[in-house]
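Where a number appears in this text, it was derived from the coordinates with a stated rule and is not lab data. As the structure is a computational prediction, the values presented were derived from the model and not from experiment. Neighbour counts are summed over all protein chains in view; Cβ atoms, including those assigned to glycine, are modelled from backbone coordinates with ideal geometry.
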Amino acid sequence: MYIVFLGAPGAGKGTQAAKIANELGLAHIATGDLFRQAIEVGNDLGKKVKKYMVKGVLVPDEITVGLIMERLAVLAQTRVIFDGFPRNLEQAKALDGALKKQNKAIDQVVYIKVAEDELVQRLSKRWICRNCQTPYGPHTPPRVSNQCDRCGGRLYQRPDDQPETVRKRLKVYFSETAPLIEYYRQQGKLLEVDGSGRVDSVANNIISALGERQFIAQ
Ligand code: AMP
């Protein structure tokens, strides 16, 4: 089972994808997290992608698609959530092509919808764990100030959550990523979910919608 999580920056894709992957026992592949980890350790990948991420633009497809293909080749799991990938039509087609070669396909695309004003609000108040990337916000604060509940790592504000970069990332989302909504809708794979509620209730809505479509047991 292959599920894509789609939505604007700040829609809660990462939070929901991690939670649902954990609850349902799926592998979770988040390109943004992989890039941030590479920057953190300072490897070649990190050096290549940093300049794109700080500007709020997409990392070139050859790097991103290459990374995903490497992951897919070594992944034993065939129950996967893709979070933040694909981010444009070229990536979506590359993913479809790679899965097709193994007689597989994307099963569902969970599109998390949140109003634009709320996205900006959320991103400006978001803190994430430097170690495991878990996000925190006003409605989901850490138990101990500045410390991750999951791993005890220190929290920081992403440099690309600064207002000017947020505006750029939203622009990039609407021009490059939003066309994927129609791409997957036409394939009958789009599952639209209101992402404006609390984390648990959005997660429950996603799980029951996947259950209704018989992608998971309820
Ligand atoms: P995210 O953590 O998903 O918000 O991603 C943070 C940044 O990583 C984006 O603004 C892009 O610069 C880069 N990025 C993440 N996923 C992709 C992707 N699929 N294609 C290109 N760039 C990406």
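Worth a mention:
- Magnitude of the charge dipole for segment 61-218, about its Cα centre and with charges confined to Cβ atoms of Lys, Arg (+1) and Asp, Glu (-1), is about 380 debye.
- Beta bridges per DSSP with both ends in segment 2-212, % antiparallel, nearest 5: 30 percent
- Springs join every pair of Cα atoms under 10 Å in this Gaussian network model of the chain, and among ASP96, ASP160, ASP44 the largest mean-square fluctuation is at ASP44.
- Whichever aspartates and glutamates have a C-alpha closer than 16 Å to that of LYS50, once near sequence neighbours (fewer than 8 apart) are set aside: ASP33, GLU40, ASP61, GLU62, ASP160, ASP161
- Helical contribution to [θ] at 222 nm, DSSP H n ≥ 4, -39,500 (n - 2.57), averaged over the chain, rounded to 500: -14500 deg cm²/dmol
- Since only GLY153, ALA27, LEU180 are under comparison, the one whose Cα sits farthest along the positive direction of the charge dipole of the chain, derived from C-beta charges on Lys, Arg, Asp and Glu, is GLY153.
- Considering only LEU75, ALA105, ALA38, the residue lying farthest towards the positive end of the dipole of segment 1-136 is ALA38, judged by Cα position with unit charges set on Cβ.
- Unsatisfied cross-links (Cα-Cα over 31 Å) in the set LYS13/LYS100; LYS55/LYS100; LYS47/LYS93: LYS55/LYS100
- Listed residues ILE63, ILE106, ILE181, most fluctuating in the chain (Gaussian network, C-alpha, under 10 Å): ILE63
- Proximal lysines to LYS51, defined as alpha-carbon separation beneath 17 angstrom and excluding residues fewer than eight positions away on the same chain: LYS168
- Environment charge of ASP107, counting only residues whose C-beta is closer than 11 Å and scoring Lys/Arg +1, Asp/Glu -1: +4
- The local environment of LEU89, defined by Cβ-Cβ distances under 14 Å, has a net charge of -2 under the rule Lys, Arg +1 and Asp, Glu -1.
- Of VAL193, VAL54, VAL144, the one that fluctuates the most in a GNM where the chain has Cα springs shorter than 10 Å: VAL144
- Debye-formula intensities of the chain, expressed as log10 I(q)/I(0) at q = 0.12, 0.13, 0.14, 0.18 Å⁻¹, are -0.62, -0.74, -0.87, -1.57 (one equal scatterer per alpha-carbon, no solvent).
- Once divided by 2.2 N^0.38 Å, the Cα radius of gyration of segment 108-203 becomes 1.23.
- Qualifying trypsin sites (Lys or Arg not before Pro) in segment 104-157, where qualification requires a DSSP coil assignment and no more than 10 other C-beta atoms within 10 Å, comprise ARG143.
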